[in-house]
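Please read the structure below before turning to the comments.
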Amino acid sequence: MQADVREEIVLNTHRLAKAFKALSNENRLAIYLEIMRHGEGVLKPDAALCGGGCMLADIISSLNIGAPTVSHHMKELINADLIEVEKQGKFLHCRINTDTQLELEHFFSLSGQFQPGAALAPTR
């Protein structure tokens with residue numbers, strides 16, 4: 001069974017590393033958790049016009065960062081396959097990439113199946 005576990009993890013190390021790197025930033029982690037909490041988020045480019053129900057305004061006020069910084073963090077989350085974004089007019093609808101979320105959950109569920117001292121070789 002350990003060989004099967006090793007093969008699964010080795011096959012996904014690059015994708016997992018991208019996700020961990022993106023989530024290692026405190027603001028990106030907070031944004032990811034906010035999207036996860038809501039199930040889906042709506043972003044509008046002009047935060048002043050957002051009003052109630054726009055996640056961009058909520059993120060800007062809660063994290064005390066500007067819209068350009070939020071945009072940068074969103075791009076990092078997208079590049080790491082952590083979130084998916086769909087443009088609808090001036091609005092961006094973002095949601096958790098369930099494939100990556102399941103991969104992360106699977107990775108953490110496997111952590112107890114490794115024997116101490118067993119090494120995994122990273123792949124590129």
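Points to keep in mind about this one:
- Remark: region 61-66, residue by residue, has Karplus-estimated 3J(HN,Hα) of 6, 6, 9, 6, 10, x Hz, where x stands for each Gly or Pro and the curve is 6.51 cos²θ - 1.76 cosθ + 1.60 at θ = phi - 60°.
- Applying 1/(1 + (r/R0)^6) with R0 = 22 Å to the Cβ-Cβ distance of Ile65 and Thr98 gives a FRET efficiency near 0.25.
- 11 Å cut-off, amide nitrogen to a point 7 angstrom out along Leu110 Cα→Cβ, residues in region 60-81: none
- Added length on full extension, which subtracts the Cα-Cα distance from 0.36 nm per residue, Lys87 to Thr13: 23.6 nm
Only the coordinates and a few stated rules stand behind these numbers; no lab work does. Since the model is a prediction, treat every value here as computed from it, not as a measurement. Note: ideal-geometry Cβ built from the backbone for every residue, glycine included; neighbour counts use all protein chains shown.
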